[in-house]
Amino acid sequence: MSKIKVGVLGAGTMGAGIAQVAAQSGHRVVLVDVNESALTKAKASLQKIIERLIEKGKWTEDFGNDVFGRINFSTQMSDFEGSGLIIEAIVENIEVKHAVFGQLESIVDENCILASNTSSLSIAAIGSVLKKPSRVIGIHFFNPAPLMPLVEIIPAVQTSDVVTKDARAIIDSWDKITVLAKDTPGFIVNRVARPFYGEALRIYEEGVADFATIDWAMTELGGFRMGPFTLMDYIGNDINYTVTESVFKAFYYDPRYKPSFTQKRHSEAGYLGRKSGRGYFDYSENAVAPEPAKDEVLGKKILDRILAMLINEAADALFLNVATKEDIDLAMTKGVNYPKGLLKWADEIGIKNVLQQLEELFEEYGEDRYRPSPMLKRMVREGKNFF
Ligand SMILES: NC(=O)c1ccc[n+]([C@@H]2O[C@H](COP(=O)([O-])OP(=O)(O)OC[C@H]3O[C@@H](n4cnc5c(N)ncnc54)[C@H](O)[C@@H]3O)[C@@H](O)[C@H]2O)c1
């Protein structure tokens with residue numbers, strides 16, 4: 001059976017990576033961008049990636065040439081004609097997305113699936129401009145798309161079951177791990193991960209510990225690959241702050257997602273992280289990394305608090321049917337490399353202990369931010385585990 005032709009709109013960070021993934025899975029790909037220089041850059045960077053893979057012996061030269069040859073770089077959306085799937089990865093702006101989705105429908109035939117890689121806009125809103133809205137879906141890759149195994153599949157209220165099934169099957173065939181998420185702010189990963197940053201920032205603001213100590217607690221005691229401050233510096237404080245702010249607004253200002261002044265000030269000061277040479281840590285050449293306190297008792301307190309908040313978020317996502325328990329745990333291990341699924345982790349710690357920790361925080365601070373999810377209360381009442 002011949003593979004469908006795939007269109008990718010936007011040749012930036014995400015679009016170029018998605019085009020590579022589709023091409024290496026054997027699809028003919030058209031990568032379109034309004035900006036000629038973005039295409040030139042995407043082409044050069046893909047060539048470099050392929051060369052490196054060949055050098056390392058991971059790809060043969062023939063395979064590399066085939067992958068490269070399957071991608072057509074173009075500035076014309078009309079080249080999408082005949083595609084079975086289009087993935088849009090342009091600027092995160094609903095007006096611009098509306099304009100392109102309106103145009104796409106006049107180029108492709110009625111069976112073509114129209115997907116968006118948006119991180120923060122609703123799929124329902126994007127699909128609202130379509131004549132046939134049942135073909136819209138969210139297909140959310142993680143950066144870098146060729147390396148991160150997870151893809152969130154997000155049907156909107158308008159999406160047909162057939163489109164959801166077909167879209168998932170296509171992405172599964174690209175050797176990705178797909179999870180199904182409800183069209184709610186942050187989908188799974190960008191919602192459930194918020195406390196990893198937010199609670200770490202809060203702990204710092206209260207003067208409980210410094211950046212290095214909090215990072216040490218999460219990596220050494222928690223087994224996370226990167227501490228929250230190192231990770232925020234890696235992502236960029238401007239980007240990470242914007243995601244938090246957009247999730248906060250999208251949840252009608254639920255205090256659980258409240259952004260942090262510390263991060264805002266770092267971002268305003270230009271302390272963006274690695275990319276600006278300085279964030280929470282100094283990345284200049286002769287900089288000396290600050291020593292963590294390495295106090296096990298303090299470290300455990302930090303880890304337990306952040307973990308309880310993460311588990312609460314995962315449990316609440318399950319409570320509100322954002323995804324299945326299996327998909328919530330898969331999303332966090334495959335999308336952001338958590339050492340364990342949060343719900344499985346809760347079983348290991350004891351859901352009762354997690355609930356108790358949250359109740360103590362809620363009691364101490366009196367803030368809605370710390371309210372335990374009804375799901376945790378229910379599990380404890382019924383004496384159940386997640387798995
Ligand atoms: N960067 C990430 O980590 C990440 C992760 C997951 C999802 N996303 C989402 O993916 C999308 C793209 O993000 P990105 O980081 O790749 O952005 P980017 O800025 O790197 O690339 C966007 C590209 O789209 C092009 N473009 C803009 N308007 C266009 C139009 N009308 N027609 C054709 N091309 C147009 C731009 O020229 C640019 O090359 C956004 O919706 C974002 O929310 C980003």
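Laboratory data are not the source of any read-out in this text; all were calculated from the coordinates shown. Since we're looking at a predicted model, the values are computed, not measured. Every residue, glycine as well, gets a Cβ built from its backbone with ideal geometry; the counts of neighbours run over all protein chains shown.
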Cα gyration tensor category, rounded, prolate or oblate, for the range 1-149 with a/c compared to 1.5: prolate
All Cα pairs of the range 174-272, percent lying beyond 20 Å: 41 percent
Highest to lowest packing among 41-53, 20-32, 151-163, 344-356, scored as the average C-beta count within 10 Å: 20-32, 151-163, 344-356, 41-53
E285-D368 pseudo-label distance in nm [points 7 Å out on the Cα-to-Cβ vector]: 5.2 nm
Prolate/oblate/rounded call for the range 275-326, Cα gyration tensor, a/c under 1.5 rounded: oblate
Cα pair distances exceeding 18 angstrom across the range 279-371, given as percent: 57 percent
Cubic angstrom per residue, convex hull over Cα atoms of the range 110-209: 106 Å³
Least to most buried among Y234, Y271 (fewest other Cβ within 10 Å first): Y234, Y271
Cα principal axis extents for the range 42-111, largest first, Å: 43, 26, 18
For the range 219-314: rounded, prolate or oblate by the Cα gyration tensor [a/c cutoff 1.5]: oblate
Of K5/K344; K41/K176; K300/K325; K41/K258, pairs whose Cα-Cα distance is over 29 Å: K5/K344; K41/K258
Relative contact order of the range 198-316, pairs being alpha-carbon contacts under 8 Å that are 6 or more residues apart, as %: 32 percent
Percentage relative contact order, the chain, counting C-alpha pairs under 8 Å, at least six apart: 12 percent
Cα pair distances in the chain, grouped into 10 Å bins until the bin that holds the longest one, percent each: 5, 22, 30, 25, 15, 4, 0
Antiparallel DSSP beta bridges within the chain, percent to nearest 5: 25 percent
√(5λ) per eigenvalue of the Cα gyration tensor, the range 324-369, largest first, Å: 25, 13, 8
Projected-area mean, the range 118-175, by convex hull of Cα positions, square nanometres: 4.0 nm²
Relative packing of peptides 204-210, 141-147, 216-222 - highest average C-beta neighbours within 10 Å first: 216-222, 141-147, 204-210
